[in-house]
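The values are calculated or read from the model by the stated rules, or taken from the named source; none is laboratory data. As the structure is a computational prediction, the values presented were derived from the model and not from experiment. Methodologically, a virtual Cβ is constructed for each residue, glycine included, from the backbone with ideal geometry; neighbour enumeration extends over all protein chains shown. Please note that ligands, DNA and RNA were not included when accessible areas were found on the heavy atoms of the full protein model with its side chains. Shrake-Rupley method; radii C 1.70, N 1.55, O 1.52, S 1.80 Å.
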Amino acid sequence: MTIEPLKLPAPNHVRPRRALLSVFDKKGLIPFAQGLQKYGIELVSSGGTAAHLRAAGLSVTDVADVTGAPPMLGGRVKTLHPVIHGGILARRDAEEDQKDLAMYGIRPIDLVVVNLYPFEQAVKRQDVNDAIAAENIDIGGPAMIRAAAKNFAYTTVVSSPHEYSVILSSLEGSDGHLPLDLRRRLAHRAFSMTAAYDQAITNYFDDDVEDDLPTQIHLKLPRTSVLRYGENPHQKAAFYGSQEQFFTQLHGKELSYNNLIDLDAALALIHEFSDEAPTIAILKHTNPCGVSSADTLVQAWNGAFATDTQSPFGGIVVMNRTCTLELAEAIDSIFLELIIAPSFDSNALESLKKKKNRRLILFKPSAINTYLLRNALGGLLYQSTDPRADEDSLTPVTDRIPTEKELLDLMFAWRIAKHVKSNAIVYAKDQQTIGIGAGQMSRIDASEIAVSKGTKSGLNFEGCVIASDAFFPFPDGLVAAADSGAIAAVQPGGSIRDQEVIDAANERGMAMVFTGKRHFRH
């Protein structure tokens, strides 16, 4: 038999006369309850919440007096009772519901104020075990929240202390009533909260992992900011997650979608140099325009900027040391959207804040992504993060072994190639990039672009090294690099023509090392 739902219009305004309060977080509860009683709303409560209210001199009816049943099982069962849930779920205009209330002596509950056991905090304890986790799983709370949210047409649910002021303001502005749009909005928040709560519990028990990859992906990411637009002005965009884990914005306009993409790329690159000499990278559209390591940040800035003096305008700069006034004055010569540093000295901050359109970002060096997600084909691609390139081993494969200086430059170029869109070619010398070719269909094209950019900037390629993010499929790419002045190369190896490439290097007296790893970046 199919039961047709009742088609009753929900009242626009409801005057709450009876409220059930059962909260773990008692912040702000007393003034809120006092505000409810000011409108003649009866308070029903249990356990610690009831004791807390009574201690403040408030009149409270105990849940046990309403249900006629004492708390049992160590407090696990208090509100799980037909008298409570019948009062919450009853439709005020449904004749059948009203008959049931009268038959069983149930009075309606118009306002449900509940927040939950802090499960996520509990399972972060060092001594956590399944027993501790289980005792911090709230049962009665989510049941009441969901019941009230389901019946939002008549019942108002309050699932966070942050909503207390909204309720009191609405009561004051509507002569003790709560409007339908507010009840519906609070129901939406409540269902979002219980869904996130259940997800946290699921995550705790989720040890269903194969080959270090989860068999299911569970995301709980609140929308924390609505962005002005997406990649282009006609696209809508928002950020979901916690930016505060990674950075703090100290100055400037709000960050855009593209700013956040670039910022993520900049932090990933500078992480390669977190414990190295002073290093600066300039990026544009997630690709590095130039990178340099030197004795000082000012020297590093000069080296990074020299790689490509045209592209950095409107780009971003990131560094691995404190931004000083001397550096601030050096980089002030061009407009940069973002200046990112682990810290700023007070003089530098004061100087850089003079330009309103410039965003200043303080990043947390210890915060890194632990996995990467990307949407594709209506689903998600998941992968572990690409580890720091210095974990790659460099194996000489040519007759000539790289010198110590060449090895330093090879590793420097290899770290950067990892953060250049594929196909990627990076030329470097003396811990400075002198040419970067990004995102080309052909490795030869990437190399030609890198040399062209460096030549435009007046840089000398003689005695440089070259890094290729993936193997050279043919000797021609290596030959072109040698003709441009490269004397050493780093690449993953793995081509069926590796020996031909090695032979070409030997013929030209080049040193070459294989890493055994490629670093594609699509």
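Nearest 10 degrees is fine. How inclined is helix 257-271 to the longest principal axis of the chain, computing both from alpha carbons?
Around 60 degrees separate the two axes.
With Cβ to Cβ distances under 15 Å as the rule, what net charge do the other residues near residue 85 carry (K, R +1; D, E -1)? It would help to have the intermediate numbers written out before the result.
Working: positive: 18, 78, 91, 107, 146, 150; negative: 97, 100, 110.
Net charge around residue 85: +3.
Which peptide among 289-295, 365-371, 105-111, 493-499 comes first, and what is the full order, when sorted by highest mean count of other Cβ atoms within 10 Å?
Values: 289-295: 23.7, 365-371: 11.4, 105-111: 20.1, 493-499: 14.4.
Descending packing order for the listed peptides: 289-295, 105-111, 493-499, 365-371.
So if R0 is 30 Å, what FRET efficiency would residue 399 and residue 445 give, r being the distance between their Cβ atoms, rounded to the nearest 0.05?
Once rounded, the FRET efficiency stands at 0.55.
Evaluate the relative contact order of the chain (contact order divided by residue number), counting alpha-carbon pairs under 8 angstrom at least 6 apart; express in whole percent. Working shown, then result.
Details: 1005 pairs, mean separation 46.5, N = 522.
Answer for the chain is 9 percent.
Which percent of the accessible area of region 203-305 is formed by carbon and sulfur heavy atoms (probe 1.4 angstrom)?
Numbers: 2750 of 5690 Å².
C and S atoms contribute 48 percent here.
So with the 1.4 Å probe, I'd like the accessible area per residue for region 406-505, rounded to whole Å².
Numbers: 3380 Å² over 100 residues.
Accessible surface, normalised per residue, equals 34 Å².
Over 29 Å between C-alpha atoms is what I'm after, so list which of 27/354; 364/421; 355/421; 236/453; 220/364 land there. Can you show the working numbers first?
Working: 27/354 41 Å; 364/421 25 Å; 355/421 31 Å; 236/453 35 Å; 220/364 22 Å.
From the list (27/354; 364/421; 355/421; 236/453; 220/364), the Cα-Cα distance tops 29 Å for 27/354; 355/421; 236/453.
Charges only on Cβ, +1 for Lys and Arg, -1 for Asp and Glu: so what's the dipole of the chain about the Cα centre, in debye to the nearest 20? Working shown, then result.
Numbers: 52 positive and 62 negative charges, 493 e Å.
Charge dipole, the chain, about its Cα centre: 2360 debye, nearest 20.
Please give the net charge around residue 47, taking every other residue with its beta carbon less than 12 angstrom from that of residue 47, where Lys and Arg add +1 and Asp and Glu add -1. Before the final figure, lay out each step's value.
On the way: positive: 26, 54, 76, 78; negative: 62.
With Lys, Arg at +1 and Asp, Glu at -1, the net is +3.
Tell me, what HN-Hα J-couplings in whole Hz come from the Karplus equation 6.51 cos²θ - 1.76 cosθ + 1.60 at θ = phi - 60° for each residue of region 432-443, using x for Gly and Pro?
So the Karplus estimates, Gly and Pro as x, are 9, 6, 10, x, 10, x, 10, x, 9, 6, 10, 5 Hz.
Roughly what angle does helix 29-38 make with the longest principal axis of the chain, taking Cα atoms, 0 to 90 degrees, to the nearest 10?
40 degrees
Taking 0.36 nm per intervening residue step and subtracting the Cα-Cα distance, what contour gain separates residue 120 from residue 139 on full extension? Working shown, then result.
Values: separation 19, 0.36 × 19 = 6.84 nm, distance 1.48 nm.
Taking 0.36 nm per residue and subtracting the Cα distance, the gain is 5.4 nm.
Want the number for residue 174 to residue 17: 0.36 nm per residue separation, take away the alpha-carbon distance, what's left?
55.1 nm
When ranked by the protection proxy of mean other Cβ atoms within 10 Å per residue, highest first, what sequence do the peptides 136-142, 278-284 form? List each step's numbers first, then the result.
Numbers: 136-142: 19.3, 278-284: 24.9.
Result, highest mean Cβ count within 10 Å first: 278-284, 136-142.
Quick one: putting +1 on the C-beta of Lys and Arg, -1 on the C-beta of Asp and Glu, what dipole do you get for region 115-183 around its Cα centre, in Debye to the nearest 20?
It works out to roughly 160 debye.
With a 1.4 Å probe and every protein chain kept in, tell me what percent of the accessible surface of region 348-414 is carbon plus sulfur. The partial results should precede the final answer.
Values: 2300 of 4230 Å².
Answer for region 348-414: carbon and sulfur cover 54 percent of the accessible area.
With r as the distance between the Cβ atoms of residue 10 and residue 253 and R0 = 41 Å, compute the FRET efficiency 1/(1 + (r/R0)^6) and round to 0.05.
Working from the Cβ atoms, E equals 0.45.
What is the pair-distance distribution P(r) of region 455-522, computed from all Cα-Cα distances in 5 Å bins starting at 0, with each bin given as a whole percent?
Taking every Cα pair in region 455-522, the percentages come to 4, 18, 30, 23, 14, 9, 3, 0.
Quick check: pseudo-label points 7 Å beyond the Cα along Cα→Cβ at residue 500 and residue 383, how many nm apart are they?
Using points 7 Å along Cα→Cβ, the separation is 2.7 nm.
Taking 25 Å as R0, compute the FRET efficiency from the Cβ-Cβ separation of residue 195 and residue 65 and round it to 0.05. Could you put the intermediate results ahead of the total?
Working: r = 33 Å, r/R0 = 1.32.
Result of the calculation: an efficiency of 0.15.
Cα centroids of region 273-304 and region 184-255: how far apart, whole angstrom?
Going from one Cα centre to the other spans 32 Å.
Using the per-residue mean of other Cβ atoms lying within 10 Å as a proxy for protection, in what order, highest first, do the peptides 303-313, 328-338 fall?
On the way: 303-313: 19.5, 328-338: 17.6.
Descending packing order for the listed peptides: 303-313, 328-338.
From the phi of every residue in region 510-516, what ³J(HN,Hα) in whole Hz does the Karplus formula 6.51 cos²θ - 1.76 cosθ + 1.60 yield, where θ is phi - 60° and glycine or proline is x?
Working through the residues one at a time gives 7, 9, 9, 10, 9, 9, x Hz.
Taking amide H positions as placed in the peptide plane 1.01 Å from N, state which residues far from residue 489 in sequence (5 or more) or on other chains have amide H under 5 Å from it.
466, 511, 512, 513
With all distinct Cα pairs included, what does the Kirkwood hydrodynamic radius of region 224-326 come out to in Å, to one decimal, could you say?
Kirkwood radius, region 224-326: 14.7 Å.
Hey, can you grab everything whose amide H is under 5 Å from the amide H of residue 18? Only 5+ residues off in sequence or another chain; H modelled, so Pro and N-termini drop out.
42, 110, 111
At most 16 other Cβ atoms within 10 Å and a DSSP loop assignment: could you name the trypsin sites (Lys or Arg not before Pro) in region 82-141 that fit? Let's see the in-between values first.
Values: sites: 91, 92, 99, 124, 125; in loops: 91, 92, 124, 125.
Qualifying residues, ordered by number: 124, 125.
Note the full-extension length gain between residue 362 and residue 332 as 0.36 nm times their separation in residues minus their Cα-Cα distance, in nm to one decimal. The partial results should precede the final answer.
Values: separation 30, 0.36 × 30 = 10.80 nm, distance 1.79 nm.
Here the segment from residue 362 to residue 332 would lengthen by 9.0 nm.
Given the -39500 (n - 2.57) contribution per DSSP H run of 4+ residues, what per-residue ellipticity at 222 nm results for the chain, rounded to the nearest 500 deg cm²/dmol? Before the final figure, lay out the partial values.
Numbers: 18 runs with 187 residues, N = 522.
Helices in the chain give a 222 nm mean residue ellipticity of -10500 deg cm²/dmol.
Amide H to amide H, which residues 5 or more places from residue 225 or on other chains are under 5 Å from it, using H placed in the peptide plane?
239
Apply the a/c threshold of 1.5 to the C-alpha gyration tensor of region 403-491 and tell me whether it is rounded, prolate or oblate.
Values: a/c = 1.33, a/b = 1.18, b/c = 1.13.
In terms of gyration-tensor shape, rounded.
Read phi for every residue in region 472-478 and hand back ³J(HN,Hα) as whole Hz from Karplus 6.51 cos²θ - 1.76 cosθ + 1.60, θ = phi - 60°, with x for Gly and Pro.
Once rounded to whole Hz, the list reads 6, x, 9, x, 4, x, 5.
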